[in-house]
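**Q** Once you've had a glance at the structure underneath, I'll fire off some questions.
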């Protein structure tokens with residue numbers, strides 16, 4: 001079965017509540033800093049995020065915190081650029097803590113253990129350093145890939161998308177492996193690749209379904225670009241994606257024989 005055994009409603013409530021609250025706070029912070037900027041248009045992202053769900057995975061708009069935007073008419077002043085970079089670093093630290101805490105709860109839920117904010121904080125504080133390093137590695141890789149794409153133009157852009165998606169699927173369970181095995185990032189790369197090599201019949205079904213959900217969600221949230229609709233999509237998307245993440249965790253544990 002694609003969705004595995006699932007989790008009791010009381011457990012799943014916390015798994016769904018955390019991303020909704022985090023995204024809701026991000027929306028409020030973004031609106032306070034930039035207003036509800038952006039415009040309605042047809043677009044989508046080929047996104048496959050693992051771990052903590054976020055509506056930012058499918059939106060093309062830039063008002064949410066965690067992005068550094070440069071103006072084409074002169075860029076940013078040194079002080080503004082420094083402030084933007086410091087904000088980005090702070091975002092990465094917080095996001096790494098939340099990501100590791102959330103994946104820890106996914107593991108506990110799939111194993112049938114009780115969930116609590118104490119466990120969430122414990123996982124977050126224990127693993128956030130490794131997730132911060134992983135996020136920085138991914139960011140450097142994307143910057144390098146983006147630089148190469150700038151020279152190759154359209155063919156480069158297509159190549160960048162293909163390479164990134166291929167690597168994302170190949171190391172599908174990278175983040176889960178760090179938590180489950182309590183291992184280094186280097187060890188997690190080799191172990192997650194081996195896990196994907198031994199994938200179950202449900203693995204690619206989940207990947208395709210997640211892509212489809214993100215494409216549809218991306219079309220809707222970017223086209224119906226109004227605060228009320230965005231908040232509604234935020235809640236629905238995070239709940240659905242939380243269920244998908246739990247299904248991925250069940251599949252991961254099934255492959256591992258846990």
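**Q** Starting from the Cα gyration tensor of segment 75-192, take the square roots of the eigenvalues, sort them a ≥ b ≥ c, and report rounded, prolate or oblate (rounded when a/c is under 1.5, otherwise prolate if a/b is larger than b/c, else oblate).
**A** Oblate.
**Q** Residue 39 versus residue 215, label points 7 Å from Cα toward the beta carbon: distance in nm?
**A** Label-label distance for residue 39 and residue 215, simple model: 2.6 nm.
**Q** For residue 32 and residue 169 in the same chain, what is the full-extension length gain: residue separation times 0.36 nm, less their Cα-Cα distance, in nm?
**A** Separation in residues times 0.36 nm, less the Cα-Cα distance, equals 45.7 nm.
**Q** Counting other beta carbons within 10 Å of each residue's own, what order do 241, 190, 119, 56 fall into, fewest first?
**A** So the ranking, lowest neighbour count to highest, is 190, 119, 56, 241.
**Q** Using every alpha carbon pair in the chain, what percent of pairs falls into each 10 Å bin from 0 up to the bin containing the largest distance?
**A** Computed distribution, short to long bins: 7, 28, 38, 22, 5, 0.
**Q** Could you work out the helix-only [θ] at 222 nm for the chain, with each DSSP H run of four or more residues adding -39,500 (n - 2.57) and the total divided by the number of residues, to the nearest 500 deg cm²/dmol?
**A** Using -39500 (n - 2.57) per qualifying helix, the result is -26000 deg cm²/dmol.
**Q** Between residue 79 and residue 240, what is the label-to-label distance in nm when each label sits 7 Å out along the Cα-to-Cβ direction?
**A** Going from the residue 79 label point to the residue 240 one covers 4.5 nm.
**Q** Moving on to the next point. Taking neighbour Cβ counts within 10 Å as the exposure measure, how do 164, 196, 226, 151 sort from fewest upward?
**A** Ascending number of Cβ neighbours within 10 Å: 151, 226, 164, 196.
**Q** I would also like to ask the following. Once a ≥ b ≥ c are taken as the square roots of the eigenvalues of the Cα gyration tensor of segment 150-258, is the result rounded (a/c under 1.5), prolate (a/b larger than b/c) or oblate (a/b not larger than b/c)?
**A** Oblate.
**Q** When the chain is treated as a GNM, springs tying every alpha-carbon pair under 10 Å, which of 180, 150, 111 comes out with the largest mean-square fluctuation?
**A** 150
**Q** Among 184, 203, what is the fewest-to-most ranking by other Cβ atoms within 10 Å?
**A** Sorted ascending by nearby Cβ count, the order is 184, 203.
**Q** Would you calculate the separation in nanometres between label points at residue 254 and residue 184, each defined as 7 Å from the Cα along the Cα-to-beta-carbon direction?
**A** In this crude label model, residue 254 to residue 184 measures out at 3.3 nm.
**Q** Which of rounded, prolate, oblate describes segment 201-258, given a ≥ b ≥ c as roots of the alpha-carbon gyration tensor eigenvalues and a/c under 1.5 marking rounded, otherwise prolate only if a/b is larger than b/c?
**A** Here segment 201-258 falls in the oblate category.
**Q** Compute a Gaussian network model of the chain, connecting alpha carbons closer than 10 Å, and tell me which residue from 126, 168, 118 fluctuates the most.
**A** Of 126, 168, 118, the Gaussian network model singles out 118 as fluctuating most.
Bear in mind these aren't lab numbers, they're just calculated from the coordinates by the rules spelled out. Quick caveat, the model's predicted, so the values are computed rather than measured. Glycine gets a Cβ as well: all are built from the backbone with ideal geometry, and neighbour counts include every protein chain shown.
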